[in-house]
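Enquirer: Structure provided below as structure tokens; questions to follow.
The values are calculated or read from the model by the stated rules, or taken from the named source; none is laboratory data. Small disclaimer: the values here were computed from a predicted structure and weren't measured. FYI the Cβ positions are ideal-geometry reconstructions off the backbone, even for glycines, and counts take in every protein chain you see.
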Amino acid sequence: MLVGIDLGTTNSAVALWKDGAPQLVPNALGKDLTPSAVSLAKGGQAWVGQAALDRMATHPADTVTSFKRMIGTAGTVTLAGTTLTPEDLSAMVLRSLADDVEAATGERPSGAVITVPAYFNERQRRATRRAGEIAGLEVKRLINEPTAAALAFGLADRGDREPFLVFDLGGGTFDVSIVEMFEGIVEVRASAGDNRLGGDDFDEALVRLVEPLLTDPDALARLPADRRHALLTLAAERTRRALTTADEADFTLVADGTSLTARVTTEAFEEAAAPLVKRLRDPVIRALRDCHIDVKTLSDIVLVGGATRMPVVRKALTRMFGRFPNTTVHPDHAVALGAAIQAGLLSGGDGLEEIRITDVAPFTLGVGTATRDQHGRYHDDIFAPIIERNTPVPVSRMEGFRTLSDNQRQVVFAIYQGEARDVKKNVKLGELTVPVPPRPAGEVGVDVRFTYDTSGLLEVDVAVPSTGMTRNLVIVDEDDRRSQKDVEARRKALEKLKVHPRDEAENVAMLARAERAYEGFTGQVRDVIGQGLTEFQGALDKQDPRIIADAREGLGRLLDAIEANPPL
Amino acid sequence: MSRGFPWNRLGIDATSDTAAIRKAYADVLRATNVDEDIAGYAELRRARDHALWLAAQSQRALEDDGEDEDDLGLGDLDLHWDGQDEAEWQASIAAHHPDPAGPTRPAELAPELTEGQLRAQAAWKVLLGVLYPDGADSDEAVTLEELDEASAALSVLIARAEEADLVEHDALDDGLAELFARTWPRCAPFVEQASAAFGWLDEAGVLDERPALMFLNQRLKGMRFHEKVQQPAHPLNKAWAELSRPGRASMFDRLRVKRLEVHKLLTGIRERYPELESYLDPERVASWDKGSAAEDKPGGFGPAAVRWALVVVLIGVALAHLGSSISGSDDRRGAPSDDVVAQALRVAQGDIAMADIFGEGTNMAAVRAADPVLADQFAPLAGLRGGNAGPAMLALARLKALASISGADRDDLLVRADLMGLWMQAAQAQSDAACRKVMTGDFAALDLALTDKQRDRERALMKQLLATKLLGAEVEGGEFRYAIPGWLVGETIKRSGLGEEKLVAALTDPDHPDRCKAKAALIEAVRAAPGKTPLDVLKGL
């Protein structure tokens, strides 16, 4: 079975193609969204999803979120003495989603279509693919998030659509795609984005705004840095959500038993977020320019991603486009549903026979102009593009180069991805060396062919016509090469971590939630929560499912009541 | 019916019906496995796009052709920044923010202007008025009043852009960039503000950077450099202060400021920010310019000549000698006979020679293990009789060491340079002729008189090269050019006592009388700064 997975910065979701439609699969808590959070304890106990997110407040050093922002880098995270890569963490979330599918259908998914931001570079894509493999899923295809959202949006009524713009602002990444639909063809015309901009950045802006305004900054200053950061970020996210529906909201947190508060108005937040809002404009213009589409002829502006709920973003969008955006798509579900449609397409799902998707390469790919060797003086580092960004994929292009100096013995092709003229500012993907016969400068020609397929795999062929010498490179970075061998080892290592059995998931999540609430309140309320916690633990000890369920429900109601009406 | 491209690819007859074109495209696409037929897919896309273009053309032909479209689309200000007549360009800018009182205003643009747009239009006129005083180009700096007036106008335009939709924002962005690029340097005080508002510097160095921005961003960087260089902490601050002082530079100034820094500053700004030279005192700059020319003469103090010298050498001259002296001698004596005695002699002579070349403990077997190709080259020589085997093998080894360039890395090349230094020193002490033989690799005809210590050193270096397999590698000849950086030229001048011109001539011309001196000095200069020397020079030695 093939499933579609939206592996998000903040939340992840899984869906599958069933009975001619994409359907979300709920997790053990009955929710469609699983927070992309992982928490560990000494001894290898692990939490994934909501329970992990709740542990953020109580165990900030052992809990991590937003690891998608680190994927494709060499960074690692150490939780409770266990060091994990971003791929490992993503794999844990993916595995939890696969468990949900198994529980819902009785069948373990064998493969998956995983979504990535359109503006993810080659390395980030590779790392995502590895995460799937570590989780025991064969990654059949990586599909761009706005493309998936466009599929979900467009397939709702299957009609032809003039070019529309998908504006996808998630927790950590921002994508713009311009998509057209006709005769069952979903054609991406252009994509642009910023893979370092998302809701998290708005939280940070809010924290910077509020920190000096808090009532008792000293109480905060006494906390260790990671705890302070976790508390502030969580409070910022709550405040940001509150500001979606109100003109002002209180930024509140409890530090060390002291409650701190500051009032934030919409205006103040808008001002703090202005530099971020400004960054939304550039990718839109770039995408429109690249496909020569006039903003006025766009049939719709489709919003995707949780961060597009923010009024500050919607306001900016309305101003930019001179009209109101289309909000008919569920911003948190569309990507997973689109991934499920792609999964259905790949497995020949019913009702999808006519559908085809064509996408574009989001970055320019090319080579640094040849240098004789790494010590040589001919480093001019000029980027020579071979595949321009927003070229429809698959694509294969050839470019000819000539030797640069007399008696040059070899040509080194460094392969880059990016938009800067200076290759040093682009992402280096690999290197290929080909020997050439020694001749005066410029006499030896070398042909370079780039082939970029629909899965975003780049293959480079280099040929020296005068000698018949050829070289081939499928871009595999060092991480990839190493990890191919130890994907299995990583999987084994992660399996040693003890994730709670699925039937306990609700209890575990409730405990984490109650503990978080206990930390988040003071005085009498705290005592009440403490009492509820003790009772629930007592019920758990009795091991009678009915008593446990009742106690859980009771505690849940208590927490709902307190959190809905914080008595601060 | 025409069934040529693009229609044959789409499988339909020529049509201007876009829906039919898309349907045909969709049908062909569905029947294509794009991953397996990449070229076919590209061709199909081309056919579709071409067909749609033809359809649009024929549509346009049907419509009334008298109409002149003038919308506010993105393309309006998409001008070539130096290809267009100034007046025409100003007119097009004005057309974008039309003067409500103007007589030629297109009717459909008139009523829709909001209050914000009207304000922006007035501000635009103010800005144009300041930057084109009396409607013409001016290189004069703006007055304080004009500065205030135009900054206020620019602020209005920026505020308008912030609240405008994408199209208008883009038009203002492009329009201001064009305006500033055209009115530089008069617009200089305003560029920073606009750049900050529109993020112009973010676009610097991007492949599709707008030409106007490419120009402005370079100027902006110049302005930033100008600010920074005036800070005392800036490495070139002293040089900048010196060149800004009025009048000729005195002897005292020359001692106080490093000539190298002055030179670096001057060449740097001339290359990148030529406008900054106007901040410097022309007389002072001229005196330094002249000074540097004067000091380029040989015999100056310090690293005088910072000019690079280009040297052309022929590699593989040595090879010719290899042919005549060694394999030639082999021919004369005929191939060694293959009897047992000859075999034993060959082994013994080979092992002795190897120990002589690479040091005690190295025999033929060891050489074969380290570099089989080289061992094969030694093998025939080992059978030479009459005491010729040892010298022939030593000559071959030295020649191969001298020629071990291709595939060598920096460390290997430095070993080679050490060897050359050793030989040159010894040969120079012997005679000029000996020195020349070393340089051309004519070791077979040379009895190089090395001291025991020098011999030991040579063996150690040779052994290092043996491990790299470079000695066995085939030698490739040809012309080789390398440029010697200025500092190295200076060092070589110092060591050789030759003037710059003579030095370059000696390095380039194999028959130059000072060649030995020049080459030896260059080798010593290189060996003194092993990490700094460019690889090319190391190879060319």
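Enquirer: Only one of these is touching a residue at least 24 places away in the same chain (Cβ under 8 Å) and charged (D, E, K, R): B:Arg459, B:Arg455. Name it.
Expert: B:Arg459
Enquirer: In the stretch B:467-491, what count of residues is obtained for those that are assigned to a loop (DSSP other than H, G, I, E, B), among the small types (Gly, Ala, Ser) and at pLDDT 75 or above?
Expert: So the count comes out to 2.
Enquirer: For the stretch B:510-534, which positions are modelled with pLDDT under 75 and more than 19 Å from B:Arg416 (Cβ to Cβ)?
Expert: Residue satisfying the conditions is B:Pro510 alone.
Enquirer: Now for a separate question. Would you check if A:Arg158 is surrounded by fewer than 23 Cβ atoms within 10 Å (Cβ to Cβ), within 16 Å of the chain's Cα centre (by Cα) and in the same structural domain as A:Lys296 (by TED's automatic domain parsing)?
Expert: So A:Arg158 fails the test.
Enquirer: Suppose we filter the stretch B:265-289 for residues that are in a helix (DSSP H, G or I), in contact with a Lys or Arg (Cβ under 9 Å, 6 or more places away or on another chain) and among the charged types (D, E, K, R); how many remain?
Expert: 5
Enquirer: Whether any residue in the stretch B:174-187 is outside any helix (DSSP H, G or I), in contact (Cβ under 8 Å) with a residue 12 or more places away in the chain, more than 12 Å from chain A (Cβ to nearest Cβ) and of a type in the set (D, E, K, R) is what I want to check.
Expert: Scanning the stretch B:174-187 turns up at least one residue that is outside any helix (DSSP H, G or I), in contact (Cβ under 8 Å) with a residue 12 or more places away in the chain, more than 12 Å from chain A (Cβ to nearest Cβ) and of a type in the set (D, E, K, R).
Enquirer: What pairs come up if the first residue lies in the stretch B:375-399 and is closer than 13 Å to B:Ala355 by Cα, the second is of a type in the set (S, T, N, Q) and modelled with pLDDT under 80, and their beta carbons are under 7 Å apart, counting only those six or more places apart or on different chains?
Expert: none
Enquirer: Restricting the search to the stretch B:1-39, which residues are hydroxyl-bearing (Ser, Thr, Tyr) and within 47 Å of the chain's Cα centre (by Cα)?
Expert: The answer is B:Tyr25, B:Thr32.
Enquirer: Go through A:Ala13, A:Ala41 for me and flag whichever is hydrophobic (A, V, I, L, M, F, W, C) and at pLDDT below 95.
Expert: Working: A:Ala13 fails: at pLDDT below 95.
After applying the criteria, what remains is A:Ala41.
Enquirer: Pull up the stretch B:154-173, narrow it to residues that are of a type in the set (Val, Ile, Thr) and surrounded by fewer than 21 Cβ atoms within 10 Å (Cβ to Cβ), then point me to the one that is farthest from the other protein chains (Cβ to nearest Cβ).
Expert: Top of the filtered list is B:Val156.
Enquirer: Then there's this: Consider B:Lys400 against the criteria (1) assigned to a loop (DSSP other than H, G, I, E, B); (2) within 35 Å of the chain's Cα centre (by Cα): it satisfies all of them except one. Which criterion is unmet?
Expert: Checking B:Lys400 against (1) assigned to a loop (DSSP other than H, G, I, E, B); (2) within 35 Å of the chain's Cα centre (by Cα), the one that fails is (1).
Enquirer: Consider A:Asp300 carefully, then state whether it is within 24 Å of A:Glu388 (Cα to Cα), acidic (Asp, Glu) and out of contact with any helix residue (DSSP H, G or I) (no Cβ under 6 Å at 6 or more places or on another chain).
Expert: The answer is no for A:Asp300.
Enquirer: Now for a different question. Consider only pairs whose beta carbons are under 7 Å apart and that are at least six residues apart or on different chains; among these, list those whose first residue lies in the stretch A:347-367 and is more than 12 Å from every other protein chain (Cβ to nearest Cβ) and closer than 20 Å to A:Gly111 by Cβ and whose second residue is at pLDDT 90 or above and not in a loop (DSSP other than H, G, I, E, B).
Expert: Pairs that qualify, where the first residue is more than 12 Å from every other protein chain (Cβ to nearest Cβ) and closer than 20 Å to A:Gly111 by Cβ and the partner is at pLDDT 90 or above and not in a loop (DSSP other than H, G, I, E, B), are A:Ser347/A:Leu2; A:Gly349/A:Trp17.
Enquirer: Does A:Ala339 meet the test of being in contact (Cβ under 8 Å) with a residue 60 or more places away in the chain, among the small types (Gly, Ala, Ser), in contact with a helix residue (DSSP H, G or I) (Cβ under 9 Å, 6 or more places away or on another chain) and over 24 Å from A:Phe202 (Cα atoms)?
Expert: yes
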